[in-house]
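The next block holds one structure in the form of structure tokens; read it before the comments.
The values are calculated or read from the model by the stated rules, or taken from the named source; none is laboratory data. Computed from a predicted model, the values in this text were never measured in an experiment. Neighbour counts run over all protein chains shown; Cβ positions are idealised from the backbone, glycine included. With ligands, DNA and RNA removed, areas are computed over all heavy atoms of the protein, side chains included. Shrake-Rupley method; radii C 1.70, N 1.55, O 1.52, S 1.80 Å.
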Amino acid sequence: MTAGAGQDPEIRRAMRRSSIGLLVVVGVVAAGATLRWWFDVPQRNDGSVLAPSTPEIRAASSNEVEWTRVFRDRATARGVDFVHVEGATGRKLLPETLGGGVAIADVDGDGDPDLAFVDGDAWPGDEGRRGRGVVLLLNDGTGTFTTPTGSTGLERPFAGMGIAVGDIDGDRDLDLLATGVSGVRLFRNETDSTGPRFVESTGEAGLQAMEGWSTAAGFGDLDADGDLDLVVAHYVEWSPELDEAVDYRLAGLGRAYGPPLGFAGERLRLFLNDGGGRFEERTATAGLDVRNPATGEPMAKALGMLLEDLDDDGDLDLFIANDTVANMLFLNRGDATFEEVGAAAGIAFDRSGAATGAMGVDACRLGGASPMLAIAVGNFANEPTSLYCRPIGEAGPPRFADDSIPLGLSAATRPALTFGLLWADLDGDGVEELVAANGHLEEEISRLQPSQRYRQSAQVFARAGADESRFLPVSAEAIGDLAEPVVGRGLASGDLDLDGDLDLVLTQIGGPPLVLFNESAGEGGVEAPTSPHWIRLVLDGPRGDASVVGAVVVVDAGGRALVRRVAPTRSYLSQVERPLTIGLGGASWIDRLEVRWAGGGRTVVEDLPVDRTIRIDGEGVIADPAPSSPGDA
């Protein structure tokens, strides 16, 4: 159902469910609910705003690290003509400022990563530029993109949000699911020799009844039966009429985009695959329907999702980043039933015990003398990025601590409003950096808080110190066009030009994406003689995509064991590339490579050359051992 059409019963139901919250919140908003978002605004005694002494999101140069890579935005030069439509016409409707995910995935099966952007749309009855549905751009193998000729079947405008990619029917191609304000849309991939073709199969797949504002989504084999299941997160119970009834306002600005405090929470949804791409909902029996014990209403206000093995027991767990309510950690019992342990695990709130305005999320294994699993969560302005850490190999239930302050992330991330968030080895040394895509909600926020900007620079944090545990910011000058101020939202990584390093795509509200190619910091982007070695792994598991999503790869090279996981669902409303591009630093040979397939089984290969793409299947067969480009050794 299209948002705003025939929703009177919905509005009444929403009003009933959130009436108590609305009565409280509307009054609190008028009296100063802005304190929740902007609680650190310095003020004079008369309540007017004082400008802080440091208006830019930057760290002192003495705290910055040396950096050898630079990012260049080649979107226009490489044929990326997408411009996001947010649908804003001055009504200040909340979805206008949150959407716009991107997937990096080989949707046409030719071996290189393509791009799929989720567009917004004009609201029904409003005059404005219409959206384009899901916008697909095909890679020619060099990082240059073209729009497919003819219809792909994805050109169906809607108020879109996020995207998920997975082979739901076992035919070895990647299908697409788009989330949005009015439910989800599932597109089966029927690409053939004539080009990419998709058929909308939402009803056929059993997902037609999933209405409401869906956000993050992800595919994974949650019950270990050999096919991909589906988790869909929802934000709040919403309609344009309800939004206008809440009527959030800021002093001096009038009607504004507000926090979700005046809206009822929503449910997460879990669907199990029957093996052929038809899904049956199992939310309640799976343990994902978390409700307020006092009111019985759903508690989730989800924007970010991480689908990964977070307790190292071999199955896929689920972390949900919730906006202004407790984050949730669901541990999989191995059969797609879950136990929610967020509060007990120390991951529901920040180090002060408060719920944050959480958006993007990603996990990484930090090396060093005391290896740790680290889950980073991007938060609202004046809330530092959360960094939940626990020792790897620790016995018993997982226990995390928010180590953002001791590990050096708090001060530098506090001014930013962070959406997309990724761990990625950008300089190829085998150690992953943290990348944050930033941007505010309010175009005129600097009038209220001079320390804030609507358009904000992305940030990169590199590990430093003998144990690689602390983080220092990479200077804006060093990261090139990645530091261009934008209204950042989605963020994804992949090797777009197949040259052995990770490139980035960063989407923004109401504008073009940044398509950021990773280059040497040397003049003209020429690779230095000391460029790090790498390996690109394309996995083709014994059970297809169900074996790949969640697979763990361990690469022994140069005296180090590098661990990487295939976890496409991460960041904010986006999907990263499935193939793993692993930087090897100075290691010129791989001694041993082990793939631990999702659902069981291992493949071990020894004595591998570097600087090339290698395909590994479940039998240990190595295909495509040749260099990935003519210039590679």
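Here the relative contact order of the range 357-420, from alpha carbon pairs under 8 Å that lie six or more residues apart, stands at 34 percent.
Please work out the average accessible area per residue across the range 337-480, using the 1.4 Å probe convention, and give it in Å².
31 Å²
The label-point distance for residue 285 and residue 394, in a model that sets each label 7 Å from Cα toward Cβ, rounds to 3.5 nm.
Per-peptide packing, taken as the mean over residues of other Cβ atoms within 10 Å, places 307-315, 186-194, 259-267, 388-396 in the sequence 259-267, 307-315, 186-194, 388-396 from highest down. Measuring nothing but how far apart in sequence close Cα pairs (under 8 Å, 6+ apart) lie, relative to its length, the chain scores a relative contact order of 15 percent. The Cα atoms of the range 495-606 give a gyration tensor whose axes a ≥ b ≥ c have a/c of 1.5 or more with a/b no greater than b/c, which makes the shape oblate. Taking all Cα pairs closer than 8 Å and separated by 6 or more residues, the relative contact order of the range 263-336 comes to 22 percent. Name the shape class, rounded, prolate or oblate, that the alpha-carbon gyration tensor gives for the range 372-530, where a ≥ b ≥ c are the square roots of its eigenvalues, rounded holds for a/c under 1.5, and otherwise prolate holds if a/b is larger than b/c and oblate otherwise. Oblate is the answer for the range 372-530, as a/c is 1.5 or above yet b/c matches or exceeds a/b. Peptides 144-152, 560-568 ranked from most to least packed give 560-568, 144-152, packing being the mean of other C-beta atoms within 10 angstrom over each peptide's residues.
Probe radius 1.4 Å, ligands and nucleic acids ignored: give me the carbon and sulfur share of the accessible area of the chain as a rounded percent. The C+S portion of the solvent-accessible surface of the chain is 50 percent. Site pair residue 127 and residue 253 shows an inter-label distance of 2.7 nm when each label is modelled 7 Å from Cα along Cα→Cβ. Note on residue 540 and residue 172: the extension gain reaches 131.6 nm, defined as 0.36 nm multiplied by sequence separation minus the Cα-Cα distance.
In terms of overall dimensions, the C-alpha atoms belonging to the chain reach 68, 58, 53 Å along their principal axes, ordered largest to smallest. For residue 588 and residue 344, the FRET efficiency from 1/(1 + (r/R0)^6), where r spans their Cβ atoms and R0 equals 35 Å, is about 0.15. Note that the range 365-441 shows a convex hull volume over its alpha carbon atoms of 99 Å³ per residue.
When both bridge partners sit in the chain, DSSP labels roughly 95% of those beta bridges antiparallel.
The packing ranking, built from the mean of other Cβ atoms within 10 Å per residue, places the peptides 509-515, 197-203 in the order 509-515, 197-203, highest first. In Å, what Kirkwood hydrodynamic radius results for the range 205-346 from the alpha-carbon pair distances? Averaging 1/r across every pair of different Cα atoms and inverting gives 16.2 Å. Excluding ligands, DNA and RNA, the accessible surface per residue across the range 198-310 is 31 Å² with a 1.4 Å probe. Approximating the spin labels as points 7 Å out from Cα along Cα→Cβ, the residue 414-to-residue 274 distance works out to 5.5 nm. What shape does the range 313-402 have by the C-alpha gyration tensor, where a ≥ b ≥ c are the square roots of the eigenvalues, rounded means a/c under 1.5, and otherwise prolate means a/b greater than b/c and oblate the rest? Oblate, since a/c reaches 1.5 and b/c is not below a/b.
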